[in-house]
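To start, the structure under review is shown below, and the notes come after it.
The values are calculated or read from the model by the stated rules, or taken from the named source; none is laboratory data. Here the structure is a predicted model, which is why all the values come from computation and not from measurement. Note: ideal-geometry Cβ built from the backbone for every residue, glycine included; neighbour counts use all protein chains shown. All accessible areas refer to the heavy atoms of the entire protein, side chains included, with ligands and DNA or RNA removed. Shrake-Rupley method; radii C 1.70, N 1.55, O 1.52, S 1.80 Å.
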Amino acid sequence: MEDRNSFRGYGITEDFARKFKASKFYTEIFQKHNDEVIIGVRDGYICLYYNCDCIAKIEPAETLTAKIHNYYTDGRHPELTDEQMVALFPLIKEKSDARCKNEKQCQQRLFIQNNNSVSSKWFCVDVEFTKSLKGKKNAEDWRFDIIAISKTKPHKVALVELKYGAGALAEPAGIRTHIKDFYAFHNLRETDGFCFHELKNEVVSMIVKLQLLGVAVPD
């Protein structure tokens, strides 16, 4: 049974976390490359991010495998064992780097370097956050690049939108649009189905599950 009415992290049980931490997805991919790989807590699965590209969707199973877009494996292996992913990891990184998405690469560096800094007052919890689709037909129009939480009480939540270069400031997805999106989100009420109160519950849920998955979450 889940211990809260929050869907982010739903289905990430102690057994699933134990299998993940025993796999090479964790020991060889995440632990050895935690300066470039991010663990994302999702609805019933784990997502590994490189350049903020989801390079592995790992769902609960007797034997864990990772679903991956065949672009990253040159058309081969839409589903990888942990050993296959270790062998193909250099190619996966090369294919992701070739997409030349400077903003996403900057997003990854900001997330990881912040979390590796003991002097930072913030801890980044998630990238590419949008509300869970569980129980709904359509996703929200908004998506936050990074969600962070302050390390000291009273805890505050930061919703981060990243822009890289002056060209990224212009419309149709520029600063004005993101301010409007944030304003629309900020004005949501519980009767609308999602609001800041529910977001806080999801942040707590993600932090609990990140700890369970072996991510070094600050006290």
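Residues in the stretch 110-120 that are farther than 21 Å from F25 by Cβ and surrounded by 13 or more Cβ atoms within 10 Å (Cβ to Cβ): L110, N114, S120. Considering only the stretch 102-114, state which residues are touching a residue at least 12 places away in the same chain (Cβ under 8 Å) and within 23 Å of I149 (Cβ to Cβ). Answer for the stretch 102-114, where residues must be touching a residue at least 12 places away in the same chain (Cβ under 8 Å) and within 23 Å of I149 (Cβ to Cβ): E103, K104, C106, Q107, Q108, L110, F111, I112, N114.
Among the numbered conditions (1) open to solvent by 60 Å² or more (accessible area, probe 1.4 Å); (2) at pLDDT 95 or above; (3) of a type in the set (S, T, N, Q), the only one that N70 does not meet is (2).
For beta carbons closer than 7 Å, sequence separation of 6+ or different chains, a first residue in the stretch 42-62 that is open to solvent by 50 Å² or more (accessible area, probe 1.4 Å) and a second that is in a strand (DSSP E or B), the qualifying pairs are Y45/K57; Y45/I58; C54/C47; K57/C47; K57/A66; K57/K67. Just the residues that are modelled with pLDDT of 90 or more and open to solvent by less than 20 Å² (accessible area, probe 1.4 Å), please, taken from the stretch 121-152. F123, C124, V125, D126, V127, I146, I147, A148, S150, listed by residue number.
Go over the candidates R99, R76 one by one and state the one that is open to solvent by 70 Å² or more (accessible area, probe 1.4 Å) and either without any contact (Cβ under 8 Å) to a residue 40 or more places away in the chain or β-branched (V, I, T) (or both). Even if it seems obvious, please write down each step before you answer.
Values: R99 fails: either without any contact (Cβ under 8 Å) to a residue 40 or more places away in the chain or β-branched (V, I, T) (or both).
Checking each option against the conditions leaves just R76.
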